Every structure is written in structure tokens, then in C-alpha cells.
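A short write-up of the structure that comes next.
The values are calculated or read from the model by the stated rules, or taken from the named source; none is laboratory data. In this text the structure is predicted, and so the values were computed from the model without any measurement. Virtual Cβ from ideal backbone geometry, glycine too; neighbours counted across all protein chains shown. Areas reflect the complete protein model, heavy atoms only, side chains present, ligands, DNA and RNA absent. Shrake-Rupley method; radii C 1.70, N 1.55, O 1.52, S 1.80 Å.
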Amino acid sequence: MTDTFRPRRSALYMPGSNARALEKARTLDVDCLILDLEDAVAPDVKAEARQQILDAVSAGGYGEREVVIRINALDTPWAEDDLKMVVQAKPDAVLIPKVNSPADLQEVAQKLKVLNAPEGLKLWAMMETPLAMLNAAAIAACGRDAGVGLSCFVMGTNDLAKETRARLVPARAVMMPWLMTCVAAARAGGIDILDGVYNNFQDADGFAAECAQGAEMGMDGKTLIHPKQVEACHLAFSPSDDEVAWARKINAEFEKPENASKGAIQVDGKMVERLHAEMGRRAIAIADAIAARTSA
Ligand code: COA
Ligand code: MG
């Protein structure tokens, strides 16, 4: 399975200071875990949280789940120690908050190199500042720079609302230009992108609607704050059975000898081009990856 097809439907944040959550995470059906040292952890327990995350990740037991550690911003007194811990803990990726420009990611990559970080440690970037919205394409271009190793954007909609003074309104009309700009930037850079969190975790209908919207927008998945959000999130971001069946059907049609030199064909009364078959292959790969995970 290539990195591109690693399902990232759900990414559950949990405070590094919450030992119970770190333990519980080993049994939760999520694609990614974001063990947080930043916003979810108060200043006076940063050191304790850092040690707890190191112990938990070193102990392992997270199976197929992609383990990501969110460090504190580079201009805080905690970032250096956070990075040192990350190098010891060896998670799949480190999530950098408050990224403003490619230089911020290049700086982290350089620091990690000096610390002899393990090969293959990926960078994820929080997209949550006004400058990040204006520099999205340049930041995403780090996805094509092997020296940086950027593999995912995470929309930080709470911070974005705070910094821009835009309000978090139902259906998110005011945020849409930034969200879609980041989707386009992520695709241009060849990386994944995860939608922001839905704060009101008791509101199942509002959450389901926002998941559906994120999937329509082309997001690969959504960041979550509570285990009760996982199921609806997976429903929205997994290819449906119908979608996968259709994808298999049109791919089978194009593989027939009589269609070998055709660019467009008719299937069940609809015009289908090779680009649809290619899009379908992505849905099939994701569905297969999810099935492999479920049966593992
Ligand atoms: N990860 C793992 N487990 C979690 C969890 C999370 N993010 N949120 C809740 N749980 C667990 C609780 O530990 C509890 O487990 P238990 O019943 O087995 O002891 C269970 O789920 C039910 O929790 P509940 O009582 O409904 O919520 P809470 O009051 O304990 O916690 C929050 C509510 C919002 C504080 C908590 O969900 C949380 O910290 N979320 C993440 C916040 C975060 O990381 N923010 C930064 C990024 S936006
Ligand atoms: Mg934040």
C-alpha cells in the first residue's frame, strides 16, 4: 500500500496530559491519532504530558493507527524539548502548529536532521493562521521536497476563526474560500488534507452534516475531538459500496479488448472517460485498504 492510499478518514486529538485517553486510543477504531502537546495541554503540565506521550508511543500497541504528535509552536519555550522527544518516540509524523510559510517547515526539517530523526518521519502542517491561507500553495509545495517530507495539511478552524475574526457559522460559508484554497494547494503539492474539528460533540446531526460537507469538498478526512464522532466520520469519508461497485464495473469495461483504444465509452447509458476509471481506482484502493485494516 502506498502512502497515498493510507486511509486518513479520522484523526482523533487527545491531550498528552490525559493518560486515560492515551491508553484508550489503543482500542479505538480510528485511522490516525494526534497526541497533543499544544492547545489541549496547559502550560504547567507540558513537561508531564511530553513524558507521558514518550512513554505511550515507545510502549506501542497502536497497531495500524497512524500516530502523530502535535508539538508546540516554534516560537514557544517548549518546541525544542518537544522535538527532542519526538525523535526518541518515533511516531509516524509530527504535526507543526501555526505554520506561516515554507520556511517554518524547512526550519523544523533542519532541526530534526540535526537531532538525527529517523528516516521516514513525516511532517504535518496545521493550516490555521491568516498568513498560512495566503501562502498555502508555497507551503504545500513542501510536499514535493523530500528534504522536508510534508505529507498532510490539517485545517485549524478554531485558531483561524480567532486570528481572522471570521465566525464559525453553520455551513461555514465564510470559511469556504480558505478551506477550498487549502484543498487545491494540498492537491497541487501531492499531499492529504484533513478538515477542522466540530466542537459541539453532542450535536450528532450538525456533525454528520459537516462531515458530509468536508467529503464533498474533497477533504481526505476530518479531525475529531471525541470518540463518539468516529463512526459518523468513517461513514462520510469511506467510499460507498455503490461507488466502489461502479468503479470496478467501469474499470472492467475499459479492460475489455474492444475498448482498448477508446477514450470514452458508454456504461449503463452514461458517458464514461478514462479519467473516471482512474478516479474509481482511487476509491477501490481506499476501500481495499479499509477492508484490509478491518480484517487485520
Ligand atoms: N481521546 C480519547 N478518549 C477520549 C477523548 C479523546 N479525545 N475524549 C473523551 N475520551 C474518553 C474519555 O476518557 C472517557 O473514557 P471512559 O469513559 O472510558 O473513562 C469517554 O471517552 C467519555 O468521555 P466524556 O466524559 O464524554 O468526555 P470528557 O468530559 O472526559 O472529555 C473533552 C471531553 C472535550 C475534554 C475531551 O473529549 C477532549 O479532551 N477532547 C480532545 C481535546 C483536544 O485535544 N483539543 C485540541 C485539538 S482541537
Ligand atoms: Mg490551535
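A few comments on the model shown:
- Of all the listed residues (Val154, Val174), the sole one being at pLDDT 95 or above and under 19 Å from the mean Cα position of the chain (by Cα) is Val154.
- Qualifying residue in the stretch 36-47 (condition: modelled with pLDDT of 95 or more, under 17 Å from Leu121 (Cβ atoms) and in a strand (DSSP E or B)): no
- In the set (1) open to solvent by 10 Å² or more (accessible area, probe 1.4 Å); (2) of a type outside the set (A, V, I, L, M, F, W, C); (3) under 27 Å from Ala208 (Cβ atoms), Gly149 fails one condition alone, (3).
- Among the numbered conditions (1) within 23 Å of the chain's Cα centre (by Cα); (2) away from ligand 1 (no atom under 16 Å from the Cβ); (3) of a type in the set (Asp, Glu); (4) open to solvent by 50 Å² or more (accessible area, probe 1.4 Å), the only one that Glu273 does not meet is (1).
- Long-range neighbours under 8 Å by Cβ, at least six apart or interchain, first residue under 15 Å from Gln106 (Cα atoms) and in contact (Cβ under 8 Å) with a residue 40 or more places away in the chain within the stretch 128-151, second more than 16 Å from ligand 2 (Cβ to nearest atom) and of a type in the set (Lys, Arg): Gly149/Lys122; Leu150/Lys122; Ser151/Lys122
- Scope the stretch 78-95; condition acidic (Asp, Glu) and open to solvent by 10 Å² or more (accessible area, probe 1.4 Å); matching residues: Glu80, Asp81, Asp92
- Between Ala204, Ala146, Ala185, the distinction of being in contact with a helix residue (DSSP H, G or I) (Cβ under 9 Å, 6 or more places away or on another chain), on the phi < 0 side of the Ramachandran plot and away from ligand 1 (no atom under 16 Å from the Cβ) belongs to Ala185 only.
- Any hit, the stretch 102-124, residues being hydrophobic (A, V, I, L, M, F, W, C) and closer than 21 Å to Val197 by Cα: yes
- Taken together, the residues in the stretch 133-157 that are in contact with an Asp or Glu (Cβ under 8 Å, 6 or more places away or on another chain) and among the polar types (S, T, N, Q) amount to 2.
- Residue, most open to solvent (accessible area, probe 1.4 Å), within the stretch 121-139, restricted to residues that are touching a Cys at 6+ places or on another chain (Cβ under 8 Å) and over 17 Å from Thr164 (Cβ atoms): Lys122
- Residues located in the stretch 96-115, provided they are within 16 Å of ligand 2 (Cβ to nearest atom) and touching a helix residue (DSSP H, G or I) at 6+ places or on another chain (Cβ under 7 Å): Ile96, Val99, Asn100
- The criterion of being within 30 Å of Phe5 (Cα to Cα) and surrounded by fewer than 22 Cβ atoms within 10 Å (Cβ to Cβ) does not hold for Met155.
- Which numbered condition Asp75 fails, given (1) within 16 Å of ligand 2 (Cβ to nearest atom); (2) touching a residue at least 24 places away in the same chain (Cβ under 8 Å); (3) over 24 Å from Asn18 (Cβ atoms): (2)
- Among the residues of the stretch 1-35, those that are within 16 Å of ligand 2 (Cβ to nearest atom) and either assigned to a helix (DSSP H, G or I) or under 28 Å from Ile191 (Cβ atoms) (or both) comprise Ala11, Leu12, Tyr13, Met14, Pro15, Gly16, Ile34, Leu35.
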